[in-house]
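First comes the structure, then the notes that go with it.
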């Protein structure tokens, strides 16, 4: 960012610290091809279950972990929400996945952030969940359908190194996972200053951490960038697609050599999902950082800020905007998941998931 723009950016963030909340959208009426499904709690990330009929929903609490969230289920046929797991629901927990030093099931403060669904080597369905509540960690769950409906059971965790602030996670095909570390975790005004350094100075604030059984979490060289956010892997596991949120880029990185292969220009990229046509769908915040932060304290309704769902070709890195949102019926889209001819869009600040009919 040019020097002339640094002072306004810092001033805007300072003003936000004194209280500048966005005005929420309260109506749950459809607008054009977009219909909100209300009754959720900050549905920040989404995953499609193998039956193609249900979504797993990571319901975000807060970045600092002072508000709890949950793992929920959306039935696409009747649009019913079912809570599958909250922190403190030790239930029939059977440890064995993750780090042997994991201190036990997540506490009641569990606050999900990024999630990722994958198959383990034995065929088990695994859900990785970034957690901010009670501990900064990645929680591992087993997802199953016994015939009585979908269920999740906690199976283990991996606690992040001291000072980490995680965001999104992706499983590795050979086992283990990659998780993004956004920036150093501070308290109060110190955290706002870390945001300001990224927004006003463009400093590299974080990197990807790799976790492997028996080795713990360690920084992955070559992934340092400005506020790393969403992360995805190519189907063969050889290429990392890393979203530099404040940097405004989707980085394509060779996993073996850690070499940057190229980048796509995408404003404020958040979470990514793979579309059936092989493109990467990236949720994009098109406004400045302080607009996004203004929605942190929304307690009802939905955040109004503008966003896009952008398709990125993984080879050419060409981009196409599939949907633009903002204002009613929902803003602040953090993830776009394509199911058939529809987009399902989640948000970090709001009470709804947006269901968009494409081609209308």
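Annotations for the structure displayed:
- Output for region 144-160, where each listed residue is assigned to a loop (DSSP other than H, G, I, E, B) and either without any contact (Cβ under 8 Å) to a residue 60 or more places away in the chain or closer than 23 Å to residue 234 by Cβ (or both): 146, 147, 148, 160
- Whichever residue in region 161-178 is within 12 Å of residue 98 (Cα to Cα) and assigned to a loop (DSSP other than H, G, I, E, B) and, among such residues, is modelled with the lowest pLDDT: 175
- For region 47-66, the criterion of being modelled with pLDDT of 95 or more, crowded, with 18+ Cβ neighbours inside 10 Å and under 26 Å from residue 288 (Cβ atoms) is met by at least one residue.
- Consider region 22-37 and keep the residues that are surrounded by fewer than 19 Cβ atoms within 10 Å (Cβ to Cβ) and under 22 Å from the mean Cα position of the chain (by Cα). The one that is farthest from residue 63 (Cα to Cα) is 34.
- Screening residue 306 with (1) surrounded by fewer than 22 Cβ atoms within 10 Å (Cβ to Cβ); (2) closer than 19 Å to residue 55 by Cβ; (3) under 18 Å from the mean Cα position of the chain (by Cα) gives one miss only, at (2).
- Residue that is surrounded by the most Cβ atoms within 10 Å (Cβ to Cβ), among those in region 67-88 that are in a loop (DSSP other than H, G, I, E, B) and in contact (Cβ under 8 Å) with a residue 40 or more places away in the chain: 69
- Residues that are without any contact (Cβ under 8 Å) to a residue 60 or more places away in the chain and either touching a helix residue (DSSP H, G or I) at 6+ places or on another chain (Cβ under 9 Å) or surrounded by 24 or more Cβ atoms within 10 Å (Cβ to Cβ) (or both), drawn from region 102-118: 106, 110, 111
- Restricting 271, 296 to those that are surrounded by fewer than 18 Cβ atoms within 10 Å (Cβ to Cβ) and within 23 Å of residue 330 (Cβ to Cβ) reduces the list to 296.
- Taking the criterion of being touching a helix residue (DSSP H, G or I) at 6+ places or on another chain (Cβ under 6 Å) and either modelled with pLDDT of 95 or more or not in a helix (DSSP H, G or I) (or both), the residues of region 185-206 that qualify are 186, 203, 205.
- Test set (1) part of a loop (DSSP other than H, G, I, E, B); (2) at pLDDT 95 or above - residue 281 fails condition number: (1)
- In region 111-135, residue farthest from residue 217 (Cα to Cα) [restricted to those that are within 15 Å of the chain's Cα centre (by Cα) and in a loop (DSSP other than H, G, I, E, B)]: 111
- Among all positions in region 326-334, there is at least one residue which is within 15 Å of residue 230 (Cα to Cα) and not in a loop (DSSP other than H, G, I, E, B).
- When region 231-251 is filtered for residues that are closer than 19 Å to residue 171 by Cβ and crowded, with 19+ Cβ neighbours inside 10 Å, the ones remaining, listed by number, are 231, 232, 233, 240, 241, 242, 243.
- Test result for residue 29, out of contact with any helix residue (DSSP H, G or I) (no Cβ under 8 Å at 6 or more places or on another chain), without any contact (Cβ under 8 Å) to a residue 60 or more places away in the chain and either part of a loop (DSSP other than H, G, I, E, B) or within 18 Å of residue 336 (Cβ to Cβ) (or both): no
- The residues listed here are 40, 141; of these, the one that is part of a loop (DSSP other than H, G, I, E, B), surrounded by 19 or more Cβ atoms within 10 Å (Cβ to Cβ), within 19 Å of the chain's Cα centre (by Cα) and modelled with pLDDT of 95 or more is 40.
- Selection of region 336-358 for residues being under 15 Å from residue 325 (Cα atoms) and outside any strand (DSSP E or B) yields 348, 349, 358.
The values are calculated or read from the model by the stated rules, or taken from the named source; none is laboratory data. Just so you know, these numbers come straight off a predicted model, no measurement behind them. Don't worry about glycine lacking a Cβ; one is built from the backbone with ideal geometry, like all the others, and counts go over all protein chains shown.
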